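Here, each number is a calculation from the coordinates, and none is a lab measurement. Predicted model, so just to flag it, every value in this text is computed and none were measured. Using ideal geometry, Cβ is built from the backbone for each residue, glycine included, and neighbour counts are taken over all protein chains shown.
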Amino acid sequence: MIWLDVLVQGILLGGLYALFAAGLSLVFGIMRLVNLAHGDLIVFAAFAILLITATFGLNPFLAALIAAPLMFAAGWALQRFVLNRVLGKDILPPLLCTFGLSVALQNGMLEAFSADSQRLSVGPLESASIDLGPVTVGTLPLLTFASAVAAIFVLNRIFYTTALGRAFRAVSDDPTTASLMGLDPKSVFAIATGLAMVIVTLAALYLGVRANFDPSIGPARLLYAFQAVIIGGLGSLWGTLAGGAIIGVAQTFGAQINPEWQILAGHIAFLIVLLIRPRGLFPRAVD
């Protein structure tokens, strides 16, 4: 039974990694942009939720509802006024730009919030659990996984069943032709990044209530997000959930064997999948 419990806990942990990866996957799938500041934006959103919580005395879940539209606006402005200027056939300018943004965010958060670890408190929910017979699962990890599934489901519905989704697909496939049909690719890209920042806020909420965070942990979150995206297949939103689950299961199995192997086991699982399926498990065709 212990290994069944390890498996379940790993899958639930994968929900958090899927939330880390979903926004990154959405942005890459639409505009082929690799955002090296993605992990730092997750930490920035966590600090924003913490600041709202401390200022207004709100529950972190309510604070996240306030932070989400603010992060949407920040993402929209970032893409509209900064990242759109460096998009093109050459991938180096966006990489350099987002790397610089990562450095600026880390140092800005360090100045504003210090290097001390912080955490979002949700009271009894942190230790609540549900007995499922063979295994007992934490309510918070279960809620995290359910939120990841719901977020990816909503993103897919937006992407494939709405006018906005058709605009996303059009500018992704051929921005020049889309612009001739009346779409403004730069505006569509800005909306996509704003939407990704809403998912980032959700990821930040669960990061903050499940673990301590500080200004320096962004790159590690980015690494987990990258691995989940690549395992699942570049541009595949449901693939990020599978990728997150694989990393989570590998880490929990590694930790069960030896606590020092937890992070290493996740990296090994990533390399194995990459060797077997270089384009990931569910690759989306890209030009």
* Which distance in Å, rounded to a whole number, links the C-alpha centroids of the stretch 2-48 and the stretch 61-92? -> 17
* Say R0 is 22 Å: what FRET efficiency, to the nearest 0.05, do ARG279 and ARG32 get from their beta-carbon distance? -> 0.90
* Asked: Taking the Cα atoms only, what angle lies between the long axis of helix 262-276 and the longest principal axis of the chain, rounded to 10 degrees?
  -> 50
* Asked: VAL103 to PHE81: extension gain in nm, 0.36 nm per residue of separation minus the Cα-Cα distance?
  -> 6.1 nm
* Springs between alpha-carbon atoms under 10 Å, Gaussian network over the chain: tell me which of VAL200, VAL86, VAL43 tops the mean-square fluctuations. => VAL86
* Asked: Could you give the angle, 0 to 90 degrees to the nearest 10, between helix 185-210's Cα long axis and the longest principal axis of the Cα atoms of the chain?
  -> 10
* Stretch gain in nm, segment MET181-ASP5, where the contour uses 0.36 nm per residue and the Cα spacing is subtracted -> 58.0 nm
* Could you work out the helix-only [θ] at 222 nm for the chain, with each DSSP H run of four or more residues adding -39,500 (n - 2.57) and the total divided by the number of residues, to the nearest 500 deg cm²/dmol? -> -25000 deg cm²/dmol
* How much length is gained on full extension from ILE158 to ALA146, taking 0.36 nm per residue of separation minus their Cα-Cα distance? -> 2.5 nm
* Asked: Hey, fewest Cβ within 10 Å first, where do TRP76, TRP3 land in order?
  -> TRP3, TRP76
* Listed candidates (i) 59, 48, 33; (ii) 64, 40, 31; (iii) 59, 39, 39 - label of the one calculated as Cα extents along the principal axes in Å -> (i)
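Within the set of other residues whose C-beta is less than 15 Å from the C-beta of GLY244, count the net charge using Lys and Arg as +1 and Asp and Glu as -1. The partial results should precede the final answer.
Numbers: positive: ARG210, ARG221; negative: none.
Once all neighbours under 15 Å are counted, the net charge is +2.
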* **Folded to 0 to 90 degrees: helix 2-31 orientation relative to the chain principal axis, Cα** => 10
* Sorting THR144, THR201 on the 10 Å Cβ count, fewest up front, what's the list? -> THR144, THR201
* To do: Using the number of other C-beta atoms within 10 angstrom as an exposure proxy, rank LYS186, LYS89 with the fewest first.
  => LYS89, LYS186
* the stretch 163-272, relative contact order in percent, only Cα pairs under 8 angstrom and at least six apart counted -> 12
